[in-house]
Amino acid sequence: MKRYYILLILLTSFACNKQLEEYNPSGLTTDQVFSTPEGFETLVNAVYTYNRWWYGKEEGYSISEMGTDLWTSGTGDKYPDITQYINLQASNTVMSGLWKQLYAAINLCNTGIGRIDKAGYTDAVRKTRNAELRFMRAFYYWHIVEMWGGVHFTVDETTGVQTTANRTSVDTFYAQIFRDLDVAINDLPLTTTDYGRATKPVAQAFLARMCLTRGLNARAAVLADSVINNYGYSLQAKYADLWNMSNLQNKEVVWAVNYMKNLVFDDRVDATLYPNGHSRGANNGHLMFIMKYDDLPGMQRDVANGRPFNRYMPSLFLLNLFNEKADARYAATFKQVWYCNNLKTAPAGMKLGDTAIVVTKYAVSNADTAGKKYRTYDRNMVYATGGGGKDRTHYISLQKFDDPTRASVNEEESARDAFIIRLAEMYLIAAEAQFNLGNSAKAAEYINVLRKRAAIAGHEAEMVVTSADISLDFILDERARELAGEQLRWFDLKRTGKLEERIKKYSPDPAAYFQSYHNLRPIPQDQIDAVTNKAEFTQNPGYQ
Amino acid sequence: MFCWLLLCTVSWTFAQSHVVKGKITDATTGEPLVMVSVQLKGTTTGTQTDASGNFSINVPNPQGVLTFTYLGYEALSRNIEGNTSLSIVMTKDNKQLDEVVVIGYGEVKKRDLTGSVVSVKGAELRKVPTTNVMESVQGKLPGVDITKSSGASGAKINVTVRGNRSIRADNGPLYIVDGVQYQNIQDINPNDIQSMEVLKDASSTAIYGSRGANGVIIITTRKGATGKPKVSLNSYLGSNEVAGYPAMMTGPQYVALKREAYHTTGRWNSEADDALIFNAAEVNAIQNNLWTNYADLLIHNGLQQDYQVGVTGGSDKTKVYFSLDYFDEKGILKLDRTRRYSARLNIDQTISNTLKAGMQSQVTYYDQNARRDPLNQANKIVPLNGPYDADGNFVLFPNNGSAINPLADEQPNIYQNNARVTRTFINAYVELTPLKGLSLRSNLGVTLDNARQGIFAAKNSIDRSTASTSRSQYNTGAQRYLSWENVANYSHQFGQHTIGITGVASLLSDQRDSSFLQGEGQLLPSQLYYALANSVSGIAVRTNYLSSKLISFTGRVNYNYKGKYLLSLTGRSDGSSKLAPGNKWAFFPSAAAAWRISDESFMHGQKVFSDLKLRASYGIAGNDAVSPYSTASYLSKIPFSYDDTNAALAYGIGSQIGNRGLKWELSATTDVGLDFSVLNGRVGATVDYYDTRTKDLLLQRTLPSSSGVTTVIQNIGKTRNRGIEIGLNTTNISTSKLTWTSNITFSKNKEEIVALADAKTNDVANGWFIGYPVKVYYDYQKLGIWQTDEATEAAKFGYKPGDIKVRDLNGDGALNTQDRMVLGRQVPTWSGGFNNDIRFANFDLNIYVFARIGQYIYSEYAAKFDPQGLENSAPLDYWTPDHATNAYPRPNASVSKDGTPFIKTLGYQDGSFVKIRNISLGYTLPAGALKTVHLSNVRVYVTGKNLITFSKVKDYDPERGGDLSNPLTKMYVAGLNVEF
């Protein structure tokens, strides 16, 4: 009897344990998905999505463009701590947000690289996908190491609960970046039909940037030349054409984040589509740089003029870098006139389409504005005597990212692709490498290509520079004129060791607070709080 | 005339002359009873016994009837029958102690309870008309913290029993309705409830194992009765109005702030500069003093009504109760309305001497319209405009501004959010009693839940004001909750020993699936969410499945000797599907003992205690309250494509990593309690002290994000909750005409985290601090505002006069994250209730006062300060160079709200409150008058709910917790109870 009883208990508990096994048909696991070629494709696709957290986003603009010589805070700046270094602390949410996404991307790359041999690919596809993953790992690690220095580094998939982090030297990061890029350049195809995927020239262009960063000038120059000459890229005839919404995929673009017109493929948070998505999604550059025009006489908010978030204003230094009479890039880059689109608030006599607002980088006398119906904001109204921001609500506005094709005035998502590498940068890399190698004349040649393209018809001669004009500062000035707003400035100043010097010299707002430890970003507080090896994994110097 | 009066007086005097004397003694002890009320039936003539138990009363007629009433004793009537001397013996009334209390899988007499159980009868619940029965017991159950979550129609009630134990898990109690778990307590109509029991200590809840860790609330619905059918009608109708809503700045106040903000930057110096900082329409509004208080336009009076009819009836073998109910609540915002329809049918059938079967069933249908909160919009929009133009047309963007009109969603065809929920709850049982003392019962409970929610937001709605097109959503959910339990009960008495044994085997299974559909840009708004096929963009679908199971085996032994020494032992083994293989099963033992001291012979001589019982229990309860599938790592889908037509599937690694070692969270509770009554039962009290230590908490732990994942559910840490609960019942006045009873409850709970990942390290990332409760506010401590004469000191920290001044906690001369501290707790230090029932003749009056003291709230209003004047602010006392204050910082047009240092510190406030929760006056029609119309009971009443709140927070009911959306309401209700 007793024996049967025990048997019964055993049978019952076996049946019970069967009952208690979890069944989750809605969920997918790494092992299920990443073990077939079709499944592995989803991993590689996903690896590309993480650059959407940086490029074309407010967080990305703040961390890579602000806090430099080119910009200062508009009234709506959410992160004046980054723009002006006022009490920049580890609690800054831009730092933790981007840190988290970058390491999630690294972990996905590591997972893929570790598992690709078991994905069932043919050799050819495996090589390509492996090269893509390695390229992307290098790309993401570069953001991490430049921003935060020698922080956590691994090439392995996270498989269990990890409560520690390591401090690895910057050299180790770069050694891996170069190893990965070498594989990428070897194995990537020349072209792709999937716009936005990495190709061999993309990897070469990025490696050129890396070589320049690490002082490998000769190699940087060779690589930049290769991208310029070998793959059919060409500069747009006019600088302004680069920013035309109907010309996004043009021959000057080496690599871009491919934002979609069909917004369901973009990254905005949505309870149904993407619960962990970005709060705005797609390209938000059109929101960030526009001054507050819509409450001024004769104006109302419309799609063409955009939705003014009023976040960033150019430094007076940036505006003064341009000779706008010869350089077409000034007019293409900046908007300084707004035309009446609202008769209800317009001064008497103003008609639709008349000039309603003018902002100018020059001082204007009362006599100049007397009798004018439009409102003028001049240099002295917008900027303080020292050049810092004064009226941070009305200023000359960067218009490269404006998107008049959005479906409505309040639409935050723009389908504008965010350029990550475009051909002009290769000319600037080549110029800087040549200058570093002592070939100023060669450097001037590269720069003149860009300057001639930028010249207003009839002013080509004024734009041409000679080897005597070339200096590191001149190259940085040229980069500002060519690439302002394109999320490279902070890297450029850091690479050249000029971050502190140029902020102090040219941008009084951040200059007031900048300290040399700001060459590294604060490690996010939640990371510091969460690690258990606190003695080993410490905050960057200068931050609390 | 005079003679006639005189005659009367004489006859009166004459009539008084019959005197009855007597002595009253206790039936068991023979001792005289003092202050016993003696009354001549049907008159106001009465007296009381003296110190030796003697009384003397003059009666007009020697044939009358005397009634004797004495608290704690059974009332008695005696015919005088011409006697002049009576010897009266009164027996103790054990009714209260013999009351049957429902416990897990059984019932016991109150006197035999070993655990901490509070019982509330249905009549008590019906006193205050409420939607959710938990609302009616707020503050009446010691140790149970009940708050209303918001003022929206059909809003949820938050219930916590004895503090928060688990950090992550839901701390709500387990609801058992007629023996079966039913988490939708809001469905149950208070009129359908027979009794409600709250089980608090580990020994009482032990039989529920893991599910009982946060306390158990057992609800028994009404049953049919043999005899003449009885019908009851209950109805009320009431008006809701907002219980205080603080106003934002008026137009002139707003203008002053914005001028000051630009004065700070030098752009505004006099009214001549207005045109520089205000647009033309605003300048015009300033000149004409035109401005709008949008909150006033949004908030209206709501309406609540409920109609219920219940019928009990039955024959010898069949007993039936059924009821129908309709409830309708219109919230204080337009488009906010909840309607509930429910029907209940309870049948108990005796099949043979040994076999019984029955079924309790309820169908509930909700039709609920919700409003997207418009008050946030109303509180921030610049007030210098009107919602309508001169011709009375609606203006979508007042003043051509960027802020949408807060009234937008109220316009025709703009917004609808409608949820329809059908919930069927069926609980069937069969019970076999093959031998005396043995019963075998099988219970099958099924809850089927079908919900659909349709949301339409037009292009011109608040929700879509940052997008380009309308959006329609159609979401559905289906839940099947199944509970199958087999219970065996055996009780036996031999000699002075009584033993009861209970065994339970149960299977609980929860299975849900859901779908989410959405699309954008349909042509006609009138199609709402019924034509998703007409969407032109943004089409998205998602479906989801979720299931979990719990299997349990339980045994309990109750033993008592002579009814004086009581012992209860419980063991339960639970297996949960949600935990890791190998850790799915756990065993939870508990023991409880009680000693009825007052039944001891040595107590017979004393007069202080009429009842005295000491209880003690210890037990371990488990908790598996994590989401299913927490043990595995999953991928998460990322929308992606390489072109505009075809999606490219992309899966990233989910941000939560699975934990292959997940196990039970365990709480060990010691409870010592004392039940006593003194002054002949006039004062009864229950006092409990408890100490709960929880370990292996199921925590969502923040991981270093450098690992690529950010969270894991882990068993970490320890918490401790200890406290004291007092429940006091007093009879202040007890005469046949007037009774006044009071009920006082007091609960004090100390909740603290004892350890997290280790015993020393706080988890700042999650806001958990050792030595503090789970929910706290952690931030800089605001000291005031930097004043002009402190400029040098301020500059050392990088600030200037007019900025917020906070404490440099570590005194290192710099202000950074190290200077944050725990500012306040979100849980109360104590709470209490004071309930009074006064009955005078046919009138009944209930006054109920409730206090919740010591908790902090984050006041959205106090933090409503925009230094730029881009949005409206609360009318606050801000600093200017000419107006020194320590309240709010200096307006400054060049610093955004988010960029203002320490702006969050403005919102923390002490949210303690004392409120008059309920005043209710009822009148029961005299029985005689009712007989003629064949009614047995008619009561009419008026009630004021949530009438007055005393707190430090002005114009706002802090029970809401600080949020400005959906403010709480007060209610004026008139109701009717009829029985026949």
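The values are calculated or read from the model by the stated rules, or taken from the named source; none is laboratory data. It should be emphasised that the depicted structure is a prediction, and the values quoted were computed from it without experimental measurement. All Cβ positions, even for glycine, are placed from backbone atoms using ideal geometry, and neighbour counts span all protein chains on display.
Just one of the listed residues (A:Glu500, A:Glu486, A:Glu536) is of a type outside the set (A, V, I, L, M) and either in a helix (DSSP H, G or I) or touching a Lys or Arg at 6+ places or on another chain (Cβ under 6 Å) (or both), namely A:Glu500. Checking the conditions here, which among B:Gln522, B:Gln511 is farther than 30 Å from B:Arg596 by Cβ and facing chain A (nearest Cβ under 10 Å)? Answer to the check: B:Gln511.
Is it the case that B:Asp624 is within 14 Å of chain A (Cβ to nearest Cβ) and free of Cβ contacts under 8 Å to residues at least 24 places away in the same chain? Against the criterion (within 14 Å of chain A (Cβ to nearest Cβ) and free of Cβ contacts under 8 Å to residues at least 24 places away in the same chain), B:Asp624 does not qualify. Taken over the stretch A:32-41, the criterion of being surrounded by 22 or more Cβ atoms within 10 Å (Cβ to Cβ) and in a helix (DSSP H, G or I) is satisfied by A:Phe40 alone. Residues of the stretch B:33-70 that are of a type in the set (A, V, I, L, M, F, W, C) and buried (at least 19 other Cβ atoms within 10 Å of the Cβ): B:Leu33, B:Val36, B:Val38, B:Leu40, B:Phe55, B:Ile57, B:Val59, B:Leu66, B:Phe68. The residue that is nearest to the chain's Cα centre (by Cα), counting only those in the stretch B:931-943 that are under 22 Å from B:Pro129 (Cβ atoms) and surrounded by fewer than 19 Cβ atoms within 10 Å (Cβ to Cβ), is B:Val942. For the stretch B:637-658, name all the residues that are in contact (Cβ under 8 Å) with a residue 40 or more places away in the chain and either among the charged types (D, E, K, R) or facing chain A (nearest Cβ under 7 Å) (or both). Selection gives B:Ile653, B:Ser655, B:Ile657. Could you please find all residues in the stretch B:708-726 being touching a Ser or Thr at 6+ places or on another chain (Cβ under 8 Å), within 14 Å of chain A (Cβ to nearest Cβ) and of a type outside the set (A, V, I, L, M, F, W, C)? Within the stretch B:708-726, B:Gly708, B:Thr710, B:Thr711 qualify.
Every condition in (1) within 14 Å of chain B (Cβ to nearest Cβ); (2) in contact (Cβ under 8 Å) with a residue 24 or more places away in the chain holds for A:Leu181 except the one numbered (1). Applying the criterion of being charged (D, E, K, R) and surrounded by 20 or more Cβ atoms within 10 Å (Cβ to Cβ) to the residues of the stretch A:281-304, the residue that is farthest from the other protein chains (Cβ to nearest Cβ) is A:Lys292.
Counting residues in the stretch A:87-99 that are in contact with a Phe, Trp or Tyr (Cβ under 9 Å, 6 or more places away or on another chain), hydroxyl-bearing (Ser, Thr, Tyr) and at pLDDT below 95 gives one or more. Among the candidates A:Arg214, A:Arg219, the residue that is modelled with pLDDT of 95 or more, touching a Phe, Trp or Tyr at 6+ places or on another chain (Cβ under 7 Å) and more than 23 Å from A:Val47 (Cβ to Cβ) is uniquely A:Arg214. Confirm whether B:Asp367 is in a strand (DSSP E or B) and of a type outside the set (Ser, Thr, Tyr). Against the criterion (in a strand (DSSP E or B) and of a type outside the set (Ser, Thr, Tyr)), B:Asp367 qualifies. Residue-level check: of (1) under 22 Å from B:Gln656 (Cβ atoms); (2) not in a loop (DSSP other than H, G, I, E, B), A:Phe178 misses just (1).
Picking from residues in the stretch B:537-548 that are closer than 22 Å to B:Tyr481 by Cα and either in contact with a Leu (Cβ under 6 Å, 6 or more places away or on another chain) or among the hydroxyl-bearing types (Ser, Thr, Tyr) (or both), the one that is surrounded by the most Cβ atoms within 10 Å (Cβ to Cβ) is B:Ser548. Inspection of the stretch B:582-596 finds a residue satisfying the criterion of being within 30 Å of A:Phe34 (Cβ to Cβ), of a type in the set (Lys, Arg) and part of a loop (DSSP other than H, G, I, E, B). Considering the conditions (1) of a type in the set (A, V, I, L, M); (2) crowded, with 21+ Cβ neighbours inside 10 Å; (3) closer than 27 Å to B:Lys897 by Cα, B:Ala281 is excluded by exactly one of them, (2). One residue stands out among those in the stretch B:740-751 that are surrounded by fewer than 18 Cβ atoms within 10 Å (Cβ to Cβ) and out of contact with any Phe, Trp or Tyr (no Cβ under 8 Å at 6 or more places or on another chain): the one that is farthest from the other protein chains (Cβ to nearest Cβ), which is B:Trp740.
Scanning the stretch B:694-707 for residues that are facing chain A (nearest Cβ under 7 Å), crowded, with 24+ Cβ neighbours inside 10 Å and not in a loop (DSSP other than H, G, I, E, B) yields a count of 3.
Only residues that are surrounded by fewer than 16 Cβ atoms within 10 Å (Cβ to Cβ) and not in a loop (DSSP other than H, G, I, E, B) were counted across the stretch B:375-393, and they come to 2.
Of the strands (runs of 3 or more DSSP E) lying entirely inside the stretch A:293-394, the ones with 1 or more residues being over 29 Å from A:Ser414 (Cα atoms) and touching a residue at least 12 places away in the same chain (Cβ under 8 Å) are found at A:375-377. The residue that is farthest from the other protein chains (Cβ to nearest Cβ), counting only those in the stretch A:248-279 that are under 15 Å from B:Ile539 (Cα atoms) and touching a residue at least 24 places away in the same chain (Cβ under 8 Å), is A:Arg268. Apart from one condition, B:Tyr634 fits all of (1) more than 14 Å from chain A (Cβ to nearest Cβ); (2) hydroxyl-bearing (Ser, Thr, Tyr); (3) touching a residue at least 12 places away in the same chain (Cβ under 8 Å); the exception is (1).
Within the stretch B:765-780, can you find the residues that are surrounded by fewer than 18 Cβ atoms within 10 Å (Cβ to Cβ), within 14 Å of chain A (Cβ to nearest Cβ) and in contact (Cβ under 8 Å) with a residue 40 or more places away in the chain? B:Tyr778 - this is the single residue of the stretch B:765-780 that is surrounded by fewer than 18 Cβ atoms within 10 Å (Cβ to Cβ), within 14 Å of chain A (Cβ to nearest Cβ) and in contact (Cβ under 8 Å) with a residue 40 or more places away in the chain. From (1) over 18 Å from B:Asp178 (Cβ atoms); (2) aliphatic (A, V, I, L, M); (3) out of contact with any His (no Cβ under 7 Å at 6 or more places or on another chain), pick out the condition that doesn't hold for B:Ile332. So the condition that B:Ile332 fails would be (3). In the stretch B:610-653, which residues are closer than 25 Å to A:Glu22 by Cα and within 35 Å of the chain's Cα centre (by Cα)? B:Ala621, B:Gly622, B:Asn623, B:Asp624, B:Ala625, B:Val626, B:Ser627, B:Pro628, B:Tyr629, B:Ser630, B:Thr631, B:Ala632, listed by residue number. Evaluated against (1) within 11 Å of another protein chain (Cβ to nearest Cβ); (2) under 20 Å from A:Ser169 (Cβ atoms); (3) crowded, with 17+ Cβ neighbours inside 10 Å, A:Asp526 falls short on exactly one condition, (2).
Among the residues of the stretch A:65-93, those identified as crowded, with 24+ Cβ neighbours inside 10 Å and more than 10 Å from chain B (Cβ to nearest Cβ) are A:Glu65, A:Met66, A:Gly67, A:Thr68, A:Asp69, A:Leu70, A:Trp71, A:Thr72, A:Ile82, A:Leu88.
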